[in-house]
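Structure record follows, encoded as structure tokens.
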Amino acid sequence: MKWAALALLIHPASILIPFVVAVAGNFVLVDSSAIGATTHNFTSVLYEFTSESANNGSALSTGQFNDTTLFFNVAGALVMLVGRFVPIWAMLKVADLFSHQEVLPSGPGTLRTASATFTLYMTLFLIITTGLLFLPVMAMGPLAQIFGGS
């Protein structure tokens, strides 16, 4: 369970922790000054770390802030390493643990994984977990940009 939880939570953690450090630590510079308090800048920084954790590290390329600093280069490299390899490592540990378990027969309390009930539980769990992790940040950045207009 610990390894599965690590695999599930490492992706949002590898995005949100450096994001908070970048914004709260005034590492985001716009024209050699601290970040402007606009939702677009907030969204740009959030997108950069999200992209680095899941993809190739692209940015919004709007030129709003300087992301070629030492902080963003080091943080981006760490986010790419952690966001990609830690979930793989955790799932390999889960597979190793399963490979050493003995097979037990199904009992009355067994939830079959090839059932609609399991699919429903898993889908709801993932939606709720993702919502709790990302909706507060989305409300401060991209959603505020869409509905607020700045």
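Since every read-out is calculated from the coordinates, none of them should be taken as a lab result. Predicted model only: the values in this text are computed from it and were never measured. Using ideal geometry, Cβ is built from the backbone for each residue, glycine included, and neighbour counts are taken over all protein chains shown.
Things to note:
- Point-charge dipole on Cβ atoms (K/R +1, D/E -1) for the stretch 2-148, about Cα centre, debye to 20: 360
- Between helix 70-99 and the chain: long-axis angle, C-alpha atoms, 0 to 90°, nearest 10: 0
- Helical contribution to [θ] at 222 nm, DSSP H n ≥ 4, -39,500 (n - 2.57), averaged over the chain, rounded to 500: -23000 deg cm²/dmol
- Sparse-neighbour loop sites [trypsin sites (Lys or Arg not before Pro); the stretch 55-136; at most 13 other C-beta within 10 Å; DSSP]: R112
- Radius 15 Å from Cβ of F49, net charge of other residues (Lys, Arg +1; Asp, Glu -1): -2
- Helix 2-24 and the longest principal axis of the C-alpha atoms of the chain enclose an angle of approximately 10°.
- Most mobile of I15, I127, I88 in a GNM of the chain (Cα contacts under 10 Å): I127
- Nearest 10 degrees, 0 to 90: helix 116-140 Cα axis against the chain principal axis: 20
- Estimated Rh, the chain: Kirkwood, alpha-carbon pairs, angstrom: 17.7
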